[in-house]
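Note sheet for the following structure.
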Amino acid sequence: MTERRLLLVNGPNLNLLGTREPEIYGSTTLAEIEQQVAESAAEQGFDVRAVQSNHEGVLIDAIHAARADCAGIIINPGAYSHTSVAIADALTGVELPVVEVHLSNIHRRETFRHHSYVSAVADVVIAGAGPSGYQFAVRHLAGRLSS
Ligand code: DQA
């Protein structure tokens with residue numbers, strides 16, 4: 001694998017981080033998370049393409065595009081985790097290592113959040129660590145891709 005690039009995907013409503021239900025999601029903005037991910041990836045010799053969309057098809061197109069020039073994917077699919085077979089299929093289709101991140105512990109919340117279609121195809125699932133979950137994801141992928 002020659003590409004030293006990670007795709008960071010954030011799904012619907014995550015553009016509102018910082019003001020959206022801060023008691024659940026905290027006060028860190030998406031821009032701050034993207035910056036932190038870029039910095040920790042850079043320390044490991046990776047660059048990052050960050051994509052956020054509220055549209056399922058845009059997220060799928062970004063996942064497909066990663067096949068050409070990315071080595072791994074970090075994805076918080078937001079509510080699409082619980083509904084989207086299409087995003088899970090896209091992740092399977094591109095055959096890249098995938099880390100699924102949730103800011104909140106979805107297993108401690110409403111029952112409809114307990115199941116994620118993406119978890120069934122992800123290599124690693126991190127839930128409940130807040131923004132640090134994205135850092136853990138970078139660390140995992142950087143280690144895996146460098147070994
Ligand atoms: C989330 C959890 C989802 O259930 C929710 O729909 C989100 C955010 C999280 O990061 O904790 O939008 O993925």
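Derivation of every value follows stated rules applied to the coordinates shown; laboratory data play no part. Being a predicted model, the structure only gives us computed values, none of them experimental. Glycine gets a Cβ as well: all are built from the backbone with ideal geometry, and neighbour counts include every protein chain shown.
If you take all C-alpha pairs in the chain, what percent of them are over 23 Å apart? Spell out each step's value before the answer.
Values: 2895 of 10731 pairs.
Roughly 27 percent, rounded to a whole number.
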Q) In terms of modelled amide H atoms, which long-range or inter-chain residues lie less than 5 Å from the amide H of ALA127? A) HIS102
Q: Please get the size of the charge dipole for segment 18-90, origin at its Cα centre, with Cβ charges of +1 on Lys and Arg and -1 on Asp and Glu, quoted in debye to the nearest 20.
A: 160
Q: Name the residues whose placed amide hydrogens come within less than 5 Å of the amide hydrogen of SER84, ignoring near sequence neighbours (fewer than 5 apart) on the same chain.
A: TYR117
Q: Read phi for every residue in segment 110-127 and hand back ³J(HN,Hα) as whole Hz from Karplus 6.51 cos²θ - 1.76 cosθ + 1.60, θ = phi - 60°, with x for Gly and Pro.
A: 4, 4, 5, 8, 6, 9, 10, 4, 5, 4, 6, 10, 6, 7, 9, 10, 10, 9
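When only Cα pairs under 8 Å and 6 or more residues apart are kept, what is the percent relative contact order across the chain? Please list the in-between numbers first.
Details: 270 pairs, mean separation 39.8, N = 147.
Relative CO of the chain lands at 27 percent.
How big is the charge dipole of the chain about its Cα centre, in debye rounded to the nearest 20, if each Lys and Arg gets +1 on its Cβ and each Asp and Glu gets -1 on its Cβ?
That gives the chain a dipole magnitude of about 220 debye.
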Q) Calculated from DSSP H runs of 4 or more alone, at -39500 (n - 2.57) each and per residue, what is the 222 nm mean residue ellipticity of the chain, nearest 500? A) -12000 deg cm²/dmol
Q. Can you tell which of GLY78, VAL125, VAL48 lies farthest toward the positive end of the dipole of segment 5-146, using +1 and -1 charges on the Cβ of basic and acidic side chains (Lys, Arg; Asp, Glu)?
A. VAL125
Q) Cα centroid distance between segment 119-145 and segment 1-29, in Å? A) 13
